[in-house]
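Every number in this text was worked out from the coordinates using simple rules, so none of it is lab data. None of these values were measured; they are calculated from a predicted model. Neighbour counts run over all protein chains shown; Cβ positions are idealised from the backbone, glycine included.
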Amino acid sequence: MELSGFVFPSINKNQFFLYLISVMKKLIDFLTSKINFILFIYVVLQLILIFSLNLNYGNDAQYYYKLAQDCIRLDEFYPAQVHYYEDYIVAPLYINILIILLKIYNSTISISILNLLIILLQIYLLYKISLHLFSKSVARLTVLLFLFYFNTMALILQNYSELFFLLLISASIYFYLHKNSVSMVLSGIFLGASIAVRPLGWALLATFVLLHIYKIIKTKKPELTYSYIYLGTFVFIFLFGTFINSHFGKFEYSSTTGPINLLLGANDDATGAFNSTVLEYSKAGYLEHPDTMTYLQKGKFYQEKAISWITEHPFKWILLAPMKLFYAYSWDDVSLSNLLGFGDTNFLHVIRILLTEGDFNKALPHSSTFEKFSYFFIVLVSHLFYYFLLFLIVLETYKLFKQKLLTDDISLILLFSFFASLMIMVTVGTPRYKYPMFILLLPFAAYCLHVKFKLND
């Protein structure tokens, strides 16, 4: 091509594509080779954020903190007698860990330091699980993807149960992969602990049961090794439930949030996303005298209202299921807005205002132009990275199915993610709920990149 005396060489699209792949391969190889240094920088940056930011918890994070402070003030463990008239019991194991931690040093900094330690353990487990499923190269790349996932960095500065829950689930999977009686018991213990944090842990138990049945059919043997998982789970639940019963008077071992979550996803105002309108005055979930009702009575009330609505509108409830999945996976502002100083700002809500009204000031009020631009740019880049990883996960899962390369251990991760997603479809969809599944699926994204760019093992 000639223009004003200058001659430009013709560009071969195939050559350009190959060159781009070569550059990406070199970049990935370089970054994975420096993974220890990147991890060091990551930890230093987190410590700077922990000790420099003035943290303000909101929503669930603030509620967990309040529950722990209640128990410290009363010199009790959670749930204390004063919590008998709360709406529900929530994450009892996690709250009790907070109580012990805050008794040592009563500051939000303690929680962030704990979260950082949890993340370091999570990186180790994620590396080991990826190494077992695929290869060393994939394991290192998985850690790299995890470190560049901004929401984890933001979650460290929050007080949600997701990080601790994910660690327990990962530990259960890690010990399961060792396939001996002692490790199976440990797998069950960590599984029981995860259930004591979030009911989503039942999805992993369902996965173990299904794999056990498959093994029995395949080998025509009882495969009694799996019974050690059930034993470990039962022992933890029994001991923890007994511990709570000793000071609370009720055998509780997990969150009792199921009924209210079911109602949030089964009412006239339900959209699939989190929407608490149903709890307002004149709505189905409104309680006229909540202070006089125990958490058990409230749970029964919410459950009856939800089941009644589902019975009357079965098809509408079924149609809401994919919308719940959509709201959980289609956007990813789990905690990044809070890190950027915008509290519990909903990025999807921000986008909706910009598209419908074009009003930046209404979308992000009480902020400067620079703050608005920074927020939008960082969260948008974070979402693009999330969508890229999600695409790789879906693509690699499809390829593994198509090429019949699914092993029992790979199926374990996929089945857990499937059952956990089903639980979301039954209740309500919110981005934070899918965090544990997304992180456990990162090795699939890493393996897809490994194959595409022919990375060195």
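Projecting label points 7 angstrom from Cα along Cα→Cβ for V23 and L45 puts them 2.2 nm apart.
Of the GluC sites (Glu not before Pro) in segment 283-326, which ones lie in a loop per DSSP and count no more than 14 other C-beta atoms within 10 Å?
In loop regions of segment 283-326 (DSSP not H, G, I, E or B), the sparsely surrounded GluC sites (Glu not before Pro) are E288.
Could you please state, rounded to a whole Å, how far the C-alpha centre of segment 41-92 is from the C-alpha centre of segment 180-222? Spelled out, the Cα-based centre of one part sits 30 Å from the other. Once you divide the Cα radius of gyration of segment 14-452 by 2.2 N^0.38 Å, the number left is 1.01.
About the Cα centre of the chain, what is the dipole size in debye to 20, counting +1 per Lys and Arg Cβ and -1 per Asp and Glu Cβ, all else neutral?
Computed charge dipole of the chain: roughly 1740 debye.
Highest average first, the peptides 421-432, 442-453, 273-284, 389-400 ordered by how many other beta carbon atoms sit within 10 Å of their residues are 442-453, 421-432, 389-400, 273-284. Working from Cα pairs under 8 Å separated by at least six residues, relative contact order for segment 14-452 is 19 percent. Straight Cα distances below 23 angstrom link K372 to the lysines K362, with same-chain residues fewer than 8 positions distant left out. Taking other residues whose beta carbon is less than 12 angstrom from the beta carbon of L392, and scoring Lys, Arg as +1 and Asp, Glu as -1, yields +1. So which of K103/K298; K25/K404; K404/K454; K66/K250 end up more than 25 Å apart, counting from Cα to Cα? Result: K103/K298; K25/K404 exceed 25 Å. Each label point was placed 7 Å from the Cα along the Cα-to-Cβ direction; for H178 and K402 their separation is 3.8 nm. Span-like helix criteria (full DSSP H runs; alpha carbon extent of at least 27 Å along the helix axis; mean Kyte-Doolittle hydropathy of at least -1.0) are satisfied in the chain by 13-33, 108-133, 227-248, 369-402.
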